[in-house]
Each structure stands twice: as C-alpha cells, then as structure tokens.
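Following: one structure in structure tokens, then a few remarks.
Since every read-out is calculated from the coordinates, none of them should be taken as a lab result. This structure is a prediction, so every number in the text was calculated from the model and none was measured. All Cβ positions, even for glycine, are placed from backbone atoms using ideal geometry, and neighbour counts span all protein chains on display.
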Amino acid sequence: MTVIHVTRRLPADVERVLTERHGARLNPSDAPLERAQLVRALCEADILVPTITDRIDAELLATPGRRVRLIANYGAGVDHVDLTAARAAGIAVTNTPDALTEATAELAILLMLMAARRAGEGERELRAGDWTGWRPTHLVGNGLHGRVLGLVGFGRIARATAAKARGLGMTIRYLNRSPVDPAVTGPLAAEPVATIEELAGIADVVSLHTPGGAGTRHLIDRDVLRAMRPHAVLVNTARGSVIDEDALVAALDAGWIGAAALDVYAREPAIHPGLLTHQRSVLLPHLGSATIEARTAMGMQAIANIEAFLAGSELPNHVA
C-alpha cells in the first residue's frame, strides 16, 4: 500500500480527496514537523507532501532507510528542498506553480496601495485611539495612477501583477533574465530595462517576482536601495532572501526610499525588529496565496502530481 504523508493542514476539500482516494496521513495539529518527525515520515511514507515550512536538505534525504520516492510540494517555490540531492537520490519533486498566480498578484497590488496611500499607518493610528479627525495634511500619500511599476522578474505572477497595475493606470517596466515574447509584453505596454539599478532609478514602485535561492540572495542590497527614488515603494511577494533586510532598514531610516511593503521575510516567522517598529513598513504574514480558491487549487495540483506518479505517467509539474 502506498503511504502518503502530509506535513501541514490543507483546505478541507483537499484533505477529503487525499484521505478518501489515498488514505493519506494528515497533520491534525498543524504544527510544523520537527526534524525527527520529518526523518520518520521519509522512512515510513512513499510520498511526502511538504510546504515551505519543511526544510528538506541533503542530509535529510540521505536518511538510512529512506522510503520516499516523490516529494509533491504544496506551493510553487521549492528552495526549501535540496533539488540536487533529490535528483541524486532518485526522488522526484513536483510543485504547484499556476494555482496561486492571481491571488499573489492581487496581494502585490494590495501592498502597493497600502504603502503608497499610507493605509497601514492610518489603521495603526486609528486603532490606538490617536486619530483626531480629518485634516487636509493628514497622512498624505501618493496615488498610483500615472506612476511607474518596476517588476524584477517577469514570470506568471509578475505578468498578472502588471495587468492589474495597468488597470490602475500605471506604466510597466521590467527586468528579466531572458528575453520576453513581444506577444506577452505588447498588451501590457511593458518595456524592458537593462539593469536592476536602471529599474530602481525610474520606478515609483519596485515589485519583486524572482525565485529564492543562492542566485537571488540579497539581490536587493544597499546599492540598489540607494538607487531607488526617495518616495518609491519596495514590494516583496517573492522570497524573503531576495532582500538584504539590514540594508532595507537602513534605507528606511535614512529616507532613501518611501516605504517597504512585505509579505515574505528572510527568517520567517521571525521578523527583523527594525521592520516591525518602522512606521513606513507594511508587513503581512505570508498571505500571497491565501485565498480559498488558490489554496484549494494548489492542493488539487499536488494531488494531480501524486496520481500521475502512481499511474506511472508524466508528472504535470516536475521540477526535479
């Protein structure tokens, strides 16, 4: 009998399908698995369904008696899995890349609006009982209409974000590692730039849409932040590791940028104390895909990967 181990609670419809079709082992407590629990799961299950809270490194994958043959990741990002070690061990890895596109793009727009219009500051003031009433100069922010959105990366989520931003009247510029088909950029009137410094210098909002990992670690560093415009907003719905958070706090303190609007962090769930206390930071607890539609669709994609594996078919979302 094939054993499937799920490391966190998933939406009810997803858990129902996993248990009714496959008798999957669930995690009713929803607590992140300790390393010893992950070792046991790798030895007792044929298929592991982890999330970004599960660090699956080379040492773990080399566990004596390891039984797992498929890691069906629940989520698009797989930088928490050592893909090289998985390949070497003959373990297939899949992800769920399409289901969260619109939800994450919506959140990127939400963060832009919250930061540009100083909504976070306003809510904190009101809840603290410090609001004294309307006045013409109170919490005056910046509109997004007519502003430049600079996208770092131009994949699915970035393109969905660009489409929504165009609806707000924004101009789109982007930086991507490889050329993008004009058929994609044309309807968005999106134009490429050559360097990240160039993008930082022209954008009113810089929004990050790159994968995590060593190749993008601290892509947004002191030099890039120094190149940004003093009113500009930095938005991150990608991976926390992309930003040097010490440099970001220094940039906010020095007034090099206008605000930071973040959904992801370098050491989740720990947050840099300088970000927590800064008035011009908007901070959300990794909610990018947190709609019932997206989270359910992610689970169904994971199930499709599992069922293709069990049938010996090509894996729909094979990453390693």
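Build a GNM of the chain with springs between Cα atoms under 10 Å: which of P11, P32, P136 gets the top mean-square fluctuation?
P136
Of the labelled options [x] 242; [y] 181; [z] 153, which one gives volume of the Cα convex hull per residue in Å³ as computed for this structure?
Identified label for the calculated read-out: [z].
Sort 203-212, 96-105, 126-135 by packing, meaning the average of other beta carbons within 10 Å per residue, with the highest value first.
Top of the packing list down: 203-212, 96-105, 126-135.
If I stretch the segment between A304 and R66 completely, what's the gain in nm (0.36 nm per residue apart, minus their alpha carbon distance), one decimal?
My answer for the length gained is 83.3 nm.
Quick one: work out the % antiparallel among DSSP beta bridges in the chain, nearest 5.
Details: 2 of 35 bridges.
That works out to approximately 5 percent antiparallel.
Measure of size requested: the Rg and Dmax of the stretch 32-81, with Cα atoms as the atom set and Å as the unit; please supply both.
Radius of gyration, then largest Cα-Cα span, for the stretch 32-81: 9.9, 28 Å.
Looking at the stretch 101-283 only, what percent of DSSP beta bridges run antiparallel? Nearest 5 please. Let's see the in-between values first.
Working: 1 of 24 bridges.
Bridges in the stretch 101-283 that DSSP calls antiparallel: roughly 5 percent.
How big is Rg to Rh over the stretch 101-283, alpha-carbon atoms, Rh as the Kirkwood inverse-mean-distance radius?
On the way: Rg = 15.9 Å, Rh = 16.5 Å.
On the Cα set of the stretch 101-283, Rg over Rh gives 0.96.
State the percent of C-alpha pairs, over all pairs in the stretch 18-112, separated by a distance greater than 16 angstrom.
Value for the stretch 18-112 (Cα pairs over 16 Å): 59 percent.
Would you be so kind as to identify all helices of the chain, as entire DSSP H runs, whose Cα atoms reach 24 Å or more along the helix's own axis and whose mean Kyte-Doolittle hydropathy is at least 0.5?
For the chain, where a helix must reach 24 Å along its axis and average at least 0.5, the hits are 292-311.
With a point put 7 Å past each Cα toward its Cβ, work out how far E34 is from I202 in nm, to one decimal.
The answer from the label model is 5.4 nm.
What number results when the radius of gyration of the stretch 74-195, computed over Cα atoms, is divided by 2.2 N^0.38 Å? Present the calculation step by step, with values, prior to reporting the outcome.
Working: Rg = 19.5 Å, N = 122, 2.2 N^0.38 = 13.7 Å.
This ratio for the stretch 74-195 stands at 1.43.
Going 7 Å from the Cα of T132 in the Cα-to-Cβ direction, what parts of the stretch 266-290 have a backbone nitrogen less than 17 Å from that spot?
No residue passes the distance filter.
Which of the chymotrypsin sites (Phe, Trp or Tyr not before Pro) found in the stretch 217-320 are loop residues per DSSP with 12 or fewer other Cβ atoms within 10 Å of their Cβ?
none
Separation between the Q279 and A254 pseudo-spin-labels, each 7 Å from Cα along Cα→Cβ, expressed in nm?
The answer from the label model is 2.1 nm.
So if R0 is 35 Å, what FRET efficiency would T195 and D246 give, r being the distance between their Cβ atoms, rounded to the nearest 0.05?
That gives a FRET efficiency of 0.95.
Once each part is reduced to its C-alpha centroid, what is the distance from the stretch 162-232 to the stretch 258-320 in angstrom?
Distance between centres, Cα-based: 20 Å.
At a temperature of 20 °C and a viscosity of 1.002 mPa s, determine how fast the stretch 186-320 diffuses translationally according to Stokes-Einstein, using the Kirkwood radius over alpha-carbon pairs as Rh; express D in µm²/s, rounded to the nearest whole number. All intermediate terms of the calculation are to be shown ahead of the outcome.
Working: Rh = 16.8 Å.
My calculation gives 127 µm²/s for D.
Gaussian network model of the chain, Cα springs within a sub-10 Å range: biggest mean-square fluctuation belongs to which of A165, A238, A270?
Highest fluctuation of the listed residues: A270.
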